[in-house]
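Below: one structure, written as structure tokens.
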Amino acid sequence: MAYFQMSRLALKWVFAKPVTSRYPFEPRQAIAGSRGRLVFTRDTCVYCTVCAKKCPTGALVVNRAQKRWTIDRLLCITCGYCVEACPKESLELTTDHGSPTVTKDREFC
Ligand code: SF4
Ligand code: SF4
């Protein structure tokens with residue numbers, strides 16, 4: 001009896017749709033208000049370094065002389081302090097989490 005019940009259950013789940021989504025083949029549905037990837041807009045940035053000073057993890061480094069903004073994605077905890085502090089609205093946290101990083105390199109912008 002138990003054998004038939006077990007077989008019926010096994011067959012049911014063989015043909016059932018998966019409970020979880022097939023990420024990354026199916027795009028993840030963004031949750032409204034969630035904090036995802038930090039996006040930098042170079043055109044409006046004045047390289048004031050405020051964002052780097054406010055960052056609690058040291059993920060941001062801004063070089064005013066070279067006009068270079070860099071981020072270590074592995075250090076960023078998406079707290080949003082830099083977004084709030086930026087006087088030029090050059091930073092934004094999107095709901096997109098972006099692709100996983102495969103290196104420990106800093107991202108130069
Ligand atoms: S705070 Fe804003 S304007 Fe200043 S360096 Fe950072 S991104 Fe650029
Ligand atoms: S979101 Fe937070 S941790 Fe990430 S770069 Fe901005 S201040 Fe730093």
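With segment 2-81 as the region, which strands (runs of 3 or more DSSP E) entirely inside it contain at least 1 residues that are over 20 Å from THR94 (Cβ atoms) and modelled with pLDDT of 95 or more? Outline the logic, then answer.
Numbers: elements: 38-40, 60-63, 68-71.
It comes to 60-63, 68-71.
Pairs are defined by a Cβ separation below 8 Å, a sequence spacing of at least 6 or placement on different chains, a first member in segment 91-109 that is more than 22 Å from GLN66 (Cα to Cα) and at pLDDT below 80, and a second member that is part of a loop (DSSP other than H, G, I, E, B) and hydrophobic (A, V, I, L, M, F, W, C); the pairs so defined are THR101/LEU74.
Checking the condition away from ligand 2 (no atom under 13 Å from the Cβ) and touching a residue at least 12 places away in the same chain (Cβ under 8 Å), which residue from CYS82, CYS48, CYS76 passes?
From the options CYS82, CYS48, CYS76, the qualifying one is CYS48.
Of the residues CYS76, CYS48, only one is surrounded by 10 or more Cβ atoms within 10 Å (Cβ to Cβ) and either aliphatic (A, V, I, L, M) or within 22 Å of THR103 (Cβ to Cβ) (or both); which?
Numbers: CYS48 fails: either aliphatic (A, V, I, L, M) or within 22 Å of THR103 (Cβ to Cβ) (or both).
The match here is CYS76.
Looking only at residues in segment 79-102 that are among the hydrophobic types (A, V, I, L, M, F, W, C) and crowded, with 16+ Cβ neighbours inside 10 Å, the one that is nearest to ligand 1 (Cβ to nearest atom) is CYS86.
Within segment 58-69, identify whether any single residue is touching a residue at least 60 places away in the same chain (Cβ under 8 Å) and within 15 Å of ligand 1 (Cβ to nearest atom), and answer yes or no. Don't jump to the end; show me each part of the working.
Pass one, segment 58-69, residues touching a residue at least 60 places away in the same chain (Cβ under 8 Å): none.
No, segment 58-69 has no match at all.
Looking at segment 17-35, can you tell me whether even one residue there is surrounded by 11 or more Cβ atoms within 10 Å (Cβ to Cβ), under 16 Å from SER99 (Cα atoms) and within 12 Å of ligand 1 (Cβ to nearest atom)? For segment 17-35, residues surrounded by 11 or more Cβ atoms within 10 Å (Cβ to Cβ), under 16 Å from SER99 (Cα atoms) and within 12 Å of ligand 1 (Cβ to nearest atom): absent.
The values are calculated or read from the model by the stated rules, or taken from the named source; none is laboratory data. No experiment lies behind these values; they were computed from the predicted model shown. Heads up, the Cβs are rebuilt from the backbone with ideal geometry, glycines too, and the neighbour counts pull from every protein chain shown.
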